[in-house]
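Here's the structure, in C-alpha coordinates; my notes come after.
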(Lines give C-alpha, C1' and ligand atoms only; values in the text may rest on other atoms or scores of the structure.)
Protein backbone atom coordinates (compact mmCIF):
# COMPACT_ATOMS: atom_id res chain seq x y z
CA UNK A 1 0.00 0.00 0.00
CA UNK A 2 1.43 3.39 -0.98
CA UNK A 3 1.33 6.57 1.06
CA UNK A 4 -2.00 8.20 1.59
CA UNK A 5 -2.37 11.51 -0.16
CA UNK A 6 -5.46 12.86 1.58
CA UNK A 7 -4.00 16.13 2.86
CA UNK A 8 -2.79 19.06 0.82
CA UNK A 9 0.33 20.85 1.91
CA UNK A 10 0.06 24.61 1.90
CA UNK A 11 2.51 26.65 -0.10
CA UNK A 12 4.60 29.41 1.48
CA UNK A 13 2.54 32.58 1.32
CA UNK A 14 5.00 35.30 2.27
CA UNK A 15 8.73 36.08 2.12
CA UNK A 16 8.89 35.75 5.92
CA UNK A 17 7.29 32.31 5.87
CA UNK A 18 9.53 31.17 2.97
CA UNK A 19 12.61 32.33 4.92
CA UNK A 20 11.45 30.49 8.03
CA UNK A 21 10.82 27.29 6.05
CA UNK A 22 14.24 27.58 4.42
CA UNK A 23 15.96 27.96 7.82
CA UNK A 24 13.95 25.01 9.15
CA UNK A 25 15.09 22.81 6.26
CA UNK A 26 18.72 23.76 6.91
CA UNK A 27 18.33 22.96 10.62
CA UNK A 28 16.73 19.60 9.88
CA UNK A 29 19.41 18.69 7.34
CA UNK A 30 22.06 19.20 10.03
CA UNK A 31 20.44 16.70 12.39
CA UNK A 32 22.06 13.30 13.03
CA UNK A 33 19.06 11.53 11.50
CA UNK A 34 19.46 13.26 8.15
CA UNK A 35 21.74 10.45 6.99
CA UNK A 36 19.07 7.84 7.71
CA UNK A 37 16.23 9.59 5.89
CA UNK A 38 16.59 12.09 3.08
CA UNK A 39 15.44 15.63 3.89
CA UNK A 40 13.52 15.59 0.61
CA UNK A 41 10.79 13.14 1.56
CA UNK A 42 9.67 13.07 -2.07
CA UNK A 43 12.93 11.21 -2.80
CA UNK A 44 11.75 8.29 -0.67
CA UNK A 45 10.63 5.30 -2.69
CA UNK A 46 7.36 3.50 -2.15
CA UNK A 47 9.39 0.69 -0.54
CA UNK A 48 10.96 3.21 1.89
CA UNK A 49 7.55 4.55 2.87
CA UNK A 50 6.17 1.01 3.24
CA UNK A 51 9.07 0.16 5.58
CA UNK A 52 8.34 3.24 7.70
CA UNK A 53 4.63 2.36 7.80
CA UNK A 54 5.46 -1.21 8.91
CA UNK A 55 7.71 0.14 11.69
CA UNK A 56 4.99 2.47 12.93
CA UNK A 57 2.31 -0.21 12.66
CA UNK A 58 4.56 -2.55 14.69
CA UNK A 59 5.04 0.15 17.36
CA UNK A 60 1.27 0.70 17.54
CA UNK A 61 0.69 -3.05 17.83
CA UNK A 62 3.24 -3.41 20.67
CA UNK A 63 1.56 -0.54 22.55
CA UNK A 64 -1.89 -2.12 22.08
CA UNK A 65 -0.65 -5.51 23.29
CA UNK A 66 1.06 -4.12 26.40
CA UNK A 67 -1.77 -1.76 27.30
CA UNK A 68 -4.49 -4.35 26.69
CA UNK A 69 -2.79 -6.95 28.91
CA UNK A 70 -2.70 -4.45 31.80
CA UNK A 71 0.77 -2.90 31.52
CA UNK A 72 -0.09 0.63 30.41
CA UNK A 73 3.04 2.17 31.97
CA UNK A 74 5.37 -0.43 30.44
CA UNK A 75 3.72 -0.08 27.05
CA UNK A 76 4.12 3.71 27.18
CA UNK A 77 7.81 3.45 28.12
CA UNK A 78 8.39 1.43 24.93
CA UNK A 79 6.16 3.65 22.78
CA UNK A 80 7.46 7.17 23.45
CA UNK A 81 10.84 8.85 23.04
CA UNK A 82 12.77 9.84 26.17
CA UNK A 83 11.80 13.51 25.75
CA UNK A 84 8.34 12.96 24.25
CA UNK A 85 5.38 15.20 24.94
CA UNK A 86 1.69 14.37 25.00
CA UNK A 87 -1.04 16.96 24.79
CA UNK A 88 -4.16 15.35 26.26
CA UNK A 89 -7.46 17.20 25.80
CA UNK A 90 -8.29 19.54 28.66
CA UNK A 91 -4.98 18.88 30.45
CA UNK A 92 -1.50 20.26 30.78
CA UNK A 93 1.30 19.03 28.52
CA UNK A 94 2.98 15.93 29.92
CA UNK A 95 6.69 15.71 29.08
CA UNK A 96 9.15 12.86 29.38
CA UNK A 97 8.76 9.11 28.99
CA UNK A 98 8.36 8.40 32.72
CA UNK A 99 5.70 11.07 33.27
CA UNK A 100 3.85 9.85 30.17
CA UNK A 101 3.98 6.30 31.54
CA UNK A 102 2.45 7.60 34.80
CA UNK A 103 -0.27 9.40 32.80
CA UNK A 104 -1.26 6.21 30.92
CA UNK A 105 -1.12 4.08 34.08
CA UNK A 106 -3.51 6.52 35.78
CA UNK A 107 -5.77 6.60 32.70
CA UNK A 108 -6.00 2.81 32.77
CA UNK A 109 -6.61 2.65 36.53
CA UNK A 110 -9.39 5.25 36.78
CA UNK A 111 -12.37 3.33 38.23
CA UNK A 112 -15.27 5.10 36.48
CA UNK A 113 -13.85 6.22 33.14
CA UNK A 114 -10.62 4.23 32.88
CA UNK A 115 -9.33 3.05 29.53
CA UNK A 116 -9.48 -0.74 29.48
CA UNK A 117 -8.53 -1.38 25.86
CA UNK A 118 -6.85 0.43 22.98
CA UNK A 119 -6.93 -0.12 19.22
CA UNK A 120 -4.96 2.27 16.98
CA UNK A 121 -5.41 2.86 13.23
CA UNK A 122 -3.18 4.98 11.01
CA UNK A 123 -5.24 6.90 8.45
CA UNK A 124 -2.47 9.00 6.88
CA UNK A 125 1.32 8.87 7.06
CA UNK A 126 3.73 11.53 5.77
CA UNK A 127 7.52 11.40 5.94
CA UNK A 128 9.18 14.70 6.80
CA UNK A 129 12.90 14.09 6.43
CA UNK A 130 14.00 12.21 9.53
CA UNK A 131 10.56 12.53 11.12
CA UNK A 132 7.16 11.14 10.20
CA UNK A 133 3.75 12.41 11.10
CA UNK A 134 0.60 10.35 11.19
CA UNK A 135 -3.07 11.09 11.53
CA UNK A 136 -5.08 8.31 13.06
CA UNK A 137 -8.07 7.14 14.95
CA UNK A 138 -8.23 5.11 18.15
CA UNK A 139 -10.98 2.96 19.56
CA UNK A 140 -10.87 3.05 23.36
CA UNK A 141 -12.84 0.61 25.45
CA UNK A 142 -13.71 2.36 28.71
CA UNK A 143 -14.81 1.08 32.10
CA UNK A 144 -18.34 -0.23 31.85
CA UNK A 145 -17.85 -1.27 28.21
CA UNK A 146 -18.45 2.16 26.69
CA UNK A 147 -16.34 3.15 23.66
CA UNK A 148 -14.70 6.39 22.63
CA UNK A 149 -13.10 7.13 19.27
CA UNK A 150 -10.55 9.93 19.51
CA UNK A 151 -8.59 11.15 16.52
CA UNK A 152 -4.90 11.95 16.83
CA UNK A 153 -1.86 13.50 15.20
CA UNK A 154 1.55 12.09 16.08
CA UNK A 155 5.08 13.15 15.20
CA UNK A 156 7.31 10.06 15.15
CA UNK A 157 11.05 9.88 15.61
CA UNK A 158 13.47 6.97 15.47
CA UNK A 159 15.15 6.30 18.79
CA UNK A 160 17.15 3.22 19.78
CA UNK A 161 16.40 1.61 16.41
CA UNK A 162 12.60 1.88 16.64
CA UNK A 163 9.94 4.38 15.62
CA UNK A 164 8.56 6.06 18.74
CA UNK A 165 5.98 8.76 19.37
CA UNK A 166 7.68 12.08 20.02
CA UNK A 167 4.68 14.44 20.07
CA UNK A 168 1.17 13.07 20.54
CA UNK A 169 -2.05 15.11 20.58
CA UNK A 170 -5.62 13.85 20.45
CA UNK A 171 -9.20 14.95 20.95
CA UNK A 172 -12.70 13.52 20.83
CA UNK A 173 -15.37 14.06 18.27
CA UNK A 174 -18.45 15.83 19.58
CA UNK A 175 -21.44 13.62 20.23
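The values are calculated or read from the model by the stated rules, or taken from the named source; none is laboratory data. Here the structure is a predicted model, which means the values were calculated and not measured. Neighbour counts run over all protein chains shown; Cβ positions are idealised from the backbone, glycine included.
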Task: Hey, residue 112 touching a helix residue (DSSP H, G or I) at 6+ places or on another chain (Cβ under 9 Å) and closer than 18 Å to residue 155 by Cα or not - done: no
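Being buried (at least 16 other Cβ atoms within 10 Å of the Cβ), touching a residue at least 24 places away in the same chain (Cβ under 8 Å) and in a strand (DSSP E or B) is the filter here, so list the residues in segment 124-133 that pass it.
The first filter runs over segment 124-133 and keeps only residues buried (at least 16 other Cβ atoms within 10 Å of the Cβ), leaving 125-127, 129-133.
Of the ones still in play, those that are also touching a residue at least 24 places away in the same chain (Cβ under 8 Å) are 125-127, 129-132.
Answer for segment 124-133, where residues must be buried (at least 16 other Cβ atoms within 10 Å of the Cβ), touching a residue at least 24 places away in the same chain (Cβ under 8 Å) and in a strand (DSSP E or B): 125, 126, 127, 131, 132.
Quick check, is residue 73 assigned to a helix (DSSP H, G or I) and at pLDDT 95 or above?
Working: assigned to a helix (DSSP H, G or I): yes; at pLDDT 95 or above: yes.
The answer is yes for residue 73.
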Open item on the list: Among the residues of segment 96-111, are any surrounded by fewer than 14 Cβ atoms within 10 Å (Cβ to Cβ), more than 16 Å from the chain's Cα centre (by Cα), on the phi > 0 side of the Ramachandran plot and without any contact (Cβ under 8 Å) to a residue 12 or more places away in the chain?
Closed with: no
TODO: Check segment 116-123 and report whether any residue there is at pLDDT 95 or above, surrounded by fewer than 16 Cβ atoms within 10 Å (Cβ to Cβ) and in a loop (DSSP other than H, G, I, E, B).
DONE: no
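Kindly check whether there is at least one residue in segment 156-173 that is in a strand (DSSP E or B), over 14 Å from the mean Cα position of the chain (by Cα) and either modelled with pLDDT under 95 or closer than 18 Å to residue 72 by Cα (or both).
At the first step, the residues of segment 156-173 found to be in a strand (DSSP E or B) are 156-159, 162-171.
This time we only want the ones that are over 14 Å from the mean Cα position of the chain (by Cα), so: none.
Taking every residue of segment 156-173 in turn, none turns out to be in a strand (DSSP E or B), over 14 Å from the mean Cα position of the chain (by Cα) and either modelled with pLDDT under 95 or closer than 18 Å to residue 72 by Cα (or both).
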Open item on the list: Being touching a helix residue (DSSP H, G or I) at 6+ places or on another chain (Cβ under 7 Å) and either assigned to a strand (DSSP E or B) or under 22 Å from residue 149 (Cβ atoms) (or both) is the filter here; which residues of segment 89-104 pass it?
Closed with: 94, 100, 104
